[in-house]
Amino acid sequence: MEQVMELSYALDTFYFLISGAFVMWMAAGFTMLESGLVRAKNTAEILTKNVALYSIACIMYMLVGYNLMYGGDGGSFFGGFGILGSADNSVADVVGGGEDAPYYSNLSDFFFQVVFVATAMSIVSGAVAERMKLWAFLAFAVVLTGVIYPIQGYWSWGEGFLYELGYSDYAGSGIVHMAGAAAALAGVILLGARKGKYGPGGQVNALPGANLPLATLGMFILWMGWFGFNGGSELKVSDVESANAVALVFTNTNLAAAGGLVAALILAKIWFGKADLTFALNGALAGLVSITAEPLGPTPLLATVIGAIGGLIAVTSIVLLDRKLKIDDPVGAISVHGVAGIWGVLAVLLSNDEATVVGQLAGIGAIFAWVFGVSLLVWFVIKMVMGIRVTEEEEYDGVDLHECGLEAYPEFTRVEK
């Protein structure tokens, strides 16, 4: 019996780590997607932001964030304080703990959680692209990954007050994706639009990305990584019930992405007369965001419908934010992760009998208010201290040269003055 328990512990730990590695690979997906959807002269800075934010997230979550989110009973609003330790479960803990025995390594839990934090910050990167100062962005990354995200994560996954209210969010449509979008929205409002994006009389000018093959690769990497994102959130795979649950989560995640892409593609054709690739890519991602709050409850057909609705919502939101509200989001991150994230949280009610309207609305309201409000304050302080926007000349030349001192495509991006 003891050998069975040890083997089960080892298997669940290994599954947790592999799932975390899949989610870590999503950092590459965000990097490729964003660098493909910005102009060539801003590519190197996007690459720099993404590799840096991932590293900052890992360090800050180790120093502060993990304990704020899971550090014991700190009350209803945050966990404890302290730096992550290296102590882990012993054989005695595993085989002698009875019903309370751990079924995976503590450090595997940290690794899985930290890559979620980086995902939330990656959402911000694309929304503020092409006009934000690199070091202002990285300063904000320190605060979001170390404090803002972990505190609201504790409210639900750390069994804080949202958990007590019955808020249900399986893998983070609200906790991760809407939170990242709320932080991005606060930054975009203070930052303003890119030069030339909006003209007189309500004119909206397209500023197309430089590399759609790269953006498509990024979407597929994210799609693959999402199997770890949602599948790993089952937390174990070592018994029949859990293994079947993981299989259903994988299936529903995949179908939601497919539904989102097809729905977005059809809507683009009807609305604009063209099968717009960028809308298709964002439709798939919106489908993935939509199913993340509850990938275990729906049937495969319902999961496809949830993803399709997410794709339709994301395309509509991208157009309205751009054309009506003049919110300049180069990659559509606020719509894909924020608006579709809200839909995902509400869609839990379609298949989870234990979820309540009050609990889901409370989660949406509390998470958005906290992340948006505190992020707006932090962005404002950074703006006052060091500024958040590059100069008009730097924006014209491209932030690659001025922020990074090099270009991603030097043969093609030389600006003649």
Can you confirm whether the range 156-169 contains a residue that is within 30 Å of Asp397 (Cα to Cα) and either touching a residue at least 40 places away in the same chain (Cβ under 8 Å) or acidic (Asp, Glu) (or both)? no
Residue check for Ala369: surrounded by 15 or more Cβ atoms within 10 Å (Cβ to Cβ), closer than 26 Å to Val143 by Cα and either within 19 Å of the chain's Cα centre (by Cα) or aliphatic (A, V, I, L, M) (or both): no
Scanning the range 272-294 for residues that are outside any helix (DSSP H, G or I) and touching a residue at least 40 places away in the same chain (Cβ under 8 Å), which turns out nearest to Thr304 (Cα to Cα)? Glu294
Among the candidates Asn254, Asn244, residue that is in a helix (DSSP H, G or I) and surrounded by fewer than 17 Cβ atoms within 10 Å (Cβ to Cβ): Asn244
Please work out which one of (1) surrounded by fewer than 19 Cβ atoms within 10 Å (Cβ to Cβ); (2) touching a Phe, Trp or Tyr at 6+ places or on another chain (Cβ under 8 Å) is the condition Thr299 fails and give its number. (2)
Can you tell me which residue in the range 159-210 is surrounded by the most Cβ atoms within 10 Å (Cβ to Cβ), limited to those that are part of a loop (DSSP other than H, G, I, E, B) and among the hydrophobic types (A, V, I, L, M, F, W, C)? Ala171
Lone unmet requirement of (1) of a type outside the set (A, V, I, L, M); (2) surrounded by fewer than 16 Cβ atoms within 10 Å (Cβ to Cβ); (3) under 21 Å from the mean Cα position of the chain (by Cα) for Gly273: (3)
Selection from the range 34-71 of residues under 13 Å from Ala129 (Cβ atoms), of a type in the set (S, T, N, Q) and within 17 Å of the chain's Cα centre (by Cα) yields Ser35, Asn50
Test: Glu393 is more than 16 Å from Leu185 (Cβ to Cβ) and buried (at least 16 other Cβ atoms within 10 Å of the Cβ): no
Are there any pairs with C-beta distances below 8 angstrom linking a residue in the range 86-113 that is surrounded by 16 or more Cβ atoms within 10 Å (Cβ to Cβ) to a residue that is assigned to a helix (DSSP H, G or I) and of a type in the set (Gly, Ala, Ser), with the two at least 6 apart or on different chains, and if so which? Tyr103/Ser8; Ser108/Gly20; Phe111/Gly20; Phe112/Ser19; Phe112/Gly20; Phe112/Gly232
Filter the range 351-366 down to the residues that are assigned to a helix (DSSP H, G or I) and touching a residue at least 24 places away in the same chain (Cβ under 8 Å), then identify the one that is surrounded by the most Cβ atoms within 10 Å (Cβ to Cβ). Gly363
Determine whether Phe116 is under 23 Å from Leu377 (Cβ atoms) and out of contact with any strand residue (DSSP E or B) (no Cβ under 6 Å at 6 or more places or on another chain). no
Of all residues being of a type in the set (A, V, I, L, M) and surrounded by fewer than 23 Cβ atoms within 10 Å (Cβ to Cβ) in the range 28-42, which is modelled with the highest pLDDT? Just the residue, please. Ala28
Taking Lys269, is it in a loop (DSSP other than H, G, I, E, B) and of a type in the set (D, E, K, R)? no
Given the conditions (1) in a helix (DSSP H, G or I); (2) buried (at least 22 other Cβ atoms within 10 Å of the Cβ); (3) in contact (Cβ under 8 Å) with a residue 60 or more places away in the chain; (4) not β-branched (Val, Ile, Thr), and given that Asp322 satisfies all but one, which numbered condition is not satisfied? (2)
Checking the structure you have, find out if any residue of the range 216-236 is assigned to a loop (DSSP other than H, G, I, E, B), at pLDDT below 95 and more than 22 Å from the chain's Cα centre (by Cα). yes
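The values are calculated or read from the model by the stated rules, or taken from the named source; none is laboratory data. Just so you know, these numbers come straight off a predicted model, no measurement behind them. Note: ideal-geometry Cβ built from the backbone for every residue, glycine included; neighbour counts use all protein chains shown.
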